[in-house]
Amino acid sequence: MAVREIVTIGDPVLRERAREVAVDELRSPEVQGLIDDLIETRRAANGAGLAANQVGETARVAVAEVERTNPRYPYKPPIPLTVMVNPLIEPVDDETFEVNEGCLSVPDLRGYLERHARIRVRYLDRDGEEHDEIRSGLTAGTFQHEVDHLDGVLFVDRADPRTLSTWEHYERHQRAEFEERAHAIVRRYGS
Ligand code: NI
């Protein structure tokens, strides 16, 4: 296992659509090693998730995990470690909410965008077991953010550009109001 370098916006790999991983390939040391590296790299960087493109690989593998106290995203409900291979997301209904996001591959920028409030997510775990789950609220947003990466999409593509801010200005001008909103999202949708 290794902490890998996280590539940043402008690197073409972030704009590639990652390719599906075959089940026998999933069992290979290369893909299992990539999964270990994604887990370790996310933990070292305090992200809420990490997708393969962000370490320069174009396989459809992403991880999501939020500890009880995540220093970057203190308002997010915990997410147990989830390894997603070939994830598919579809919205459950038309409801959306506005959320402020950041990204390890977009240094020092946050912004507001819309996410589906409830999603169905299907994926294989690292053992090839199939999962079919409903996720909602901020956790659904995190899953959408990670699967976007596998499609070459970054949160800035979806953000209202007038809301973009550095983390310092987020802290100064947006954080208090957004954390109120985030708590309301958690109360309304759970996770
Ligand atoms: Ni990201």
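Here is a list of conditions, (1) in contact (Cβ under 8 Å) with a residue 24 or more places away in the chain; (2) away from the ligand (no atom under 13 Å from the Cβ), and residue 53 meets all of them except one; can you say which number that is?
(2)
Going by what's in this entry, would residue 96 be described as under 16 Å from residue 189 (Cα atoms) and either in contact with a Leu (Cβ under 7 Å, 6 or more places away or on another chain) or touching a residue at least 12 places away in the same chain (Cβ under 8 Å) (or both)?
For residue 96, the condition - under 16 Å from residue 189 (Cα atoms) and either in contact with a Leu (Cβ under 7 Å, 6 or more places away or on another chain) or touching a residue at least 12 places away in the same chain (Cβ under 8 Å) (or both) - is met.
Residue by residue through region 18-70, note down the ones that are of a type outside the set (A, V, I, L, M) and touching a helix residue (DSSP H, G or I) at 6+ places or on another chain (Cβ under 7 Å).
25, 37, 41, 49, 53, 54, 56, 57, 58, 60, 65
List the number of the failed condition for residue 83; all other conditions in (1) within 13 Å of residue 146 (Cβ to Cβ); (2) at pLDDT below 95 hold.
So the condition that residue 83 fails would be (2).
The values are calculated or read from the model by the stated rules, or taken from the named source; none is laboratory data. Keep in mind that this is a model prediction, so the values were computed, not measured. FYI the Cβ positions are ideal-geometry reconstructions off the backbone, even for glycines, and counts take in every protein chain you see.
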